[in-house]
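Each remark here refers to the structure printed beneath this line.
The values are calculated or read from the model by the stated rules, or taken from the named source; none is laboratory data. For clarity, every value in this text was computed on a predicted model and none was experimentally measured. No Cβ is skipped: glycine too gets one built from the backbone with ideal geometry, and neighbour counts run over all protein chains shown.
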Amino acid sequence: MEISFKSKRILVTGAGKGIGRGIAIELWRAGANIVALSKTRSHLESLQQEYPSIDIVDVDIADWEKTRRVVESLGTFDALVNNAAIAICEPFLNASVSSYDKTFDINVKAVLNISQVVARNMIDNKVQGAIVNISSQASKAALKDHAIYSASKAALDGLTRAMALELGPHGIRVNAVNPTVIMTEMAKVGWSEPARANEMKAKIPLGRFGEVSEVVNAVVFLLSERSSMITGVELPIDGGFLAT
């Protein structure tokens, strides 16, 4: 199934590495004009070295006002992928207010902020666009030491549904994907220890963790016209974890 984003302009957050980098590259390969946003300039520069036509923007999306100004300055987009996130793994009884604030600032508030700017520009320019939020299986199932992270991703799922409801009349589709463990640098924080990793894999009917490409493929589909009647969904990419 060939999907083209020729002449489409797409913003990808957290695009310096991991899943976000994979999404940016695949959308670029499909013909999109990509703006890659990340906090870490060096990651973006390495991406642009490989793909010189990808535009890069570095900003700390925890800073509401600065992020708003930066995203507004970027103009109109046809699609947005809210991928940037952090994971702070702490036992529930030790979970701190600073970890809570940091996590929700990035995983929820920044998505609201960036999506507001992008969606308003879509509406003003009569663009019937698409937004995909990168959530997690942790929004649907309890995972040890993931209390704050799970809460943030559950909030993101709720935000996704609300966005789909209110932006649908403008022709803007909003969906989320909910991957299982994808062994990026962020995932290694919680899943690098072999015993813990094997315990999780035993709960996944397919018996393995996911690959970055498997998340990328789902995101590309949800951004494309191939999914033109799909909005407000939370799509598990979990090898059957949530089915058990």
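Of note:
- Number of the condition not met by Asn198 [criteria: (1) surrounded by fewer than 17 Cβ atoms within 10 Å (Cβ to Cβ); (2) touching a strand residue (DSSP E or B) at 6+ places or on another chain (Cβ under 9 Å)]: (2)
- Filter result (more than 30 Å from Phe5 (Cα to Cα) and part of a loop (DSSP other than H, G, I, E, B)) within the stretch 79-109: Ala87, Ile88, Cys89, Pro91, Ala95, Ser96
- Any hit, the stretch 61-70, residues being within 28 Å of Thr180 (Cβ to Cβ) and in contact (Cβ under 8 Å) with a residue 12 or more places away in the chain: yes
- Condition check for Lys153: at pLDDT below 95 and of a type in the set (Lys, Arg): no
- Of the residues making up the stretch 34-44, just one is surrounded by 18 or more Cβ atoms within 10 Å (Cβ to Cβ) and either among the polar types (S, T, N, Q) or in contact with a Pro (Cβ under 7 Å, 6 or more places away or on another chain) (or both), namely Ser38.
- Given (1) buried (at least 18 other Cβ atoms within 10 Å of the Cβ); (2) out of contact with any helix residue (DSSP H, G or I) (no Cβ under 8 Å at 6 or more places or on another chain), index of the condition Lys144 fails: (1)
- Which listed residue is buried (at least 23 other Cβ atoms within 10 Å of the Cβ) and of a type outside the set (S, T, N, Q), from Leu80, Leu112: Leu80
- When residues in the stretch 10-21 are screened for being part of a helix (DSSP H, G or I) and buried (at least 24 other Cβ atoms within 10 Å of the Cβ), 3 of them pass.
- Which listed residue, of Ala142, Ala176, Ala164, is in a loop (DSSP other than H, G, I, E, B), at negative phi and of a type in the set (Gly, Ala, Ser): Ala142
- Set side by side, the residues Leu27, Leu37, Leu74, Leu80 differ, and just one is in contact (Cβ under 8 Å) with a residue 12 or more places away in the chain and over 18 Å from the mean Cα position of the chain (by Cα), which is Leu74.
- Cβ-Cβ distances below 6 Å connect no pair with a first residue in the stretch 185-203 that is on the phi > 0 side of the Ramachandran plot, a second residue that is β-branched (Val, Ile, Thr) and at pLDDT below 75, and a separation of six or more residues or different chains.
- Among the residues of the stretch 121-141, the ones that are under 18 Å from Val215 (Cβ atoms) and crowded, with 21+ Cβ neighbours inside 10 Å come to 10 in all.
- Test: residue in the stretch 31-47 that is at pLDDT 95 or above, within 17 Å of Ser224 (Cβ to Cβ) and either outside any loop (DSSP other than H, G, I, E, B) or of a type in the set (D, E, K, R) (or both): yes
- Residue within the stretch 208-229 that is in a loop (DSSP other than H, G, I, E, B), of a type in the set (Val, Ile, Thr) and closer than 24 Å to Gly168 by Cα present: no
- Pairing each residue of the stretch 136-153 that is more than 19 Å from Ser98 (Cβ to Cβ) with any residue that is basic (Lys, Arg) and surrounded by 23 or more Cβ atoms within 10 Å (Cβ to Cβ), provided the two are 6+ apart or on different chains, yields C-beta distances under 7 Å for Ser136/Lys153; Ala138/Lys153; Ser139/Lys153.
- Count of residues meeting criterion [closer than 17 Å to Ile34 by Cβ and surrounded by fewer than 16 Cβ atoms within 10 Å (Cβ to Cβ)] in the stretch 60-75: 2
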